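What follows is a short report on a single structure.
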Amino acid sequence: MPKGKARLVLELLRESEEEGEDISFGEVLASVLTKAPELAQHARDLWKLSPLPPRVALALLYLSPEWRPYARVAAHEFLAYLVDLKEKGCQVEAKERV
Amino acid sequence: MINQAPGLEEFEQTDLSLFILETNGILLGNDRSYVREISRFERVHIRVSLKAGRPETFTQRTGAVPEAFELPFKAIEALLDHGVSFHVAAMTDPRLMSENERKELIERLAEIDPFVAANLEEEICDPYETTIVRMAAYGLDPVKFFTRGIEFAEREG
């Protein structure tokens, strides 16, 4: 499990995947920090992205030289989760339909 | 070129904070100078909408030649090279895209850049009125699709 900023980005990716595009990045960030308040110290410069759609805010975060290395670490971790999560979800859905 | 479509120049004159430009990536992948032009605009974000994870399904869904399948990926590479704010979206609804194809699409994106793949916006097909009308026009039964549609994708493998 990544630590610090990398873990914060990982949790933001997970929350964005679950919540979709109907909420703002600020709501995603608030939700992550409610579940993991210890990450708040790393989130201070992210609140300015609050009004943006989550995917747009994450893209801007990735363009930041300060955040980019942490985002890459989080991305590697998240990709395994993403594929595994959806595979399991599809299997459940297929069984339910049968 | 972009300066022949003055929308972005006009947007720059406003105090609006964000302009999201939606594209299928065909033009941007075919001519990187579009991307270079777009990179001049700091408040513009690009949403690249991918239609498929394989050339044959790309042709099936869009009617375009299979060779054009590569163009959106070239657009993504160009956007990365020029430091443009963008993310990728794809209709990975399991009723439309098989799990194998979805994995191939994510893996292809991850080869280009892992964060671009991780930030993928996965879309689900909702039964909007316009969607139902268009499905019917293409000979698809919307009721059958929205109740048993996963079988369409499962047949593809």
Q: Scan the helices (runs of 4 or more DSSP H) fully inside segment B:2-63 and keep the ones with 1 or more residues being closer than 20 Å to residue B:82 by Cα.
A: B:7-12, B:26-30, B:33-38
Q) Does residue B:68 meet the test of being part of a helix (DSSP H, G or I), aliphatic (A, V, I, L, M) and more than 18 Å from residue B:111 (Cβ to Cβ)? A) yes
Q) From the list B:99, B:104, B:77, which residue is in contact with a helix residue (DSSP H, G or I) (Cβ under 8 Å, 6 or more places away or on another chain), closer than 23 Å to residue A:20 by Cα and of a type in the set (Asp, Glu)? A) B:99
Q.
Just to confirm my filter: which helices (runs of 4 or more DSSP H) fall fully inside segment B:76-157 and include at least 3 residues that are modelled with pLDDT of 85 or more?
A. B:99-112, B:114-118, B:129-137
**Q.** Single residue of A:97, A:72 found to be at the interface with chain B (Cβ under 10 Å from one of its Cβ atoms) and modelled with pLDDT of 95 or more
**A.** A:72
Q: Output the residues belonging to segment B:21-30 that are touching a helix residue (DSSP H, G or I) at 6+ places or on another chain (Cβ under 9 Å) and either more than 12 Å from chain A (Cβ to nearest Cβ) or surrounded by fewer than 16 Cβ atoms within 10 Å (Cβ to Cβ) (or both).
A: B:23, B:24, B:25, B:26, B:27, B:28, B:29, B:30
Q. If you check residue B:35 against the conditions, is it modelled with pLDDT under 95, under 17 Å from the mean Cα position of the chain (by Cα) and more than 12 Å from chain A (Cβ to nearest Cβ)?
A. no
Q) Out of all the residues in segment B:53-64, is one or more surrounded by 18 or more Cβ atoms within 10 Å (Cβ to Cβ) and within 13 Å of chain A (Cβ to nearest Cβ)? A) yes
**Q.** Hits in segment A:39-65 - residues which are over 18 Å from residue B:80 (Cβ atoms) and not in a helix (DSSP H, G or I)
**A.** A:43, A:50, A:51, A:52, A:53
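How about segment A:13-67: which of its residues are of a type in the set (D, E, K, R) and under 14 Å from the mean Cα position of the chain (by Cα)?
Those that are of a type in the set (D, E, K, R) and under 14 Å from the mean Cα position of the chain (by Cα): A:14, A:15, A:17, A:18, A:19, A:21, A:27, A:35, A:55.
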**Q.** So residue A:28, is it modelled with pLDDT of 95 or more and of a type in the set (Val, Ile, Thr)
**A.** yes
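The values are calculated or read from the model by the stated rules, or taken from the named source; none is laboratory data. The structure displayed is predicted, hence computed values, not measured ones. Quick reminder, even Gly has a Cβ in these numbers, built from the backbone with ideal geometry, and neighbours come from all protein chains shown.
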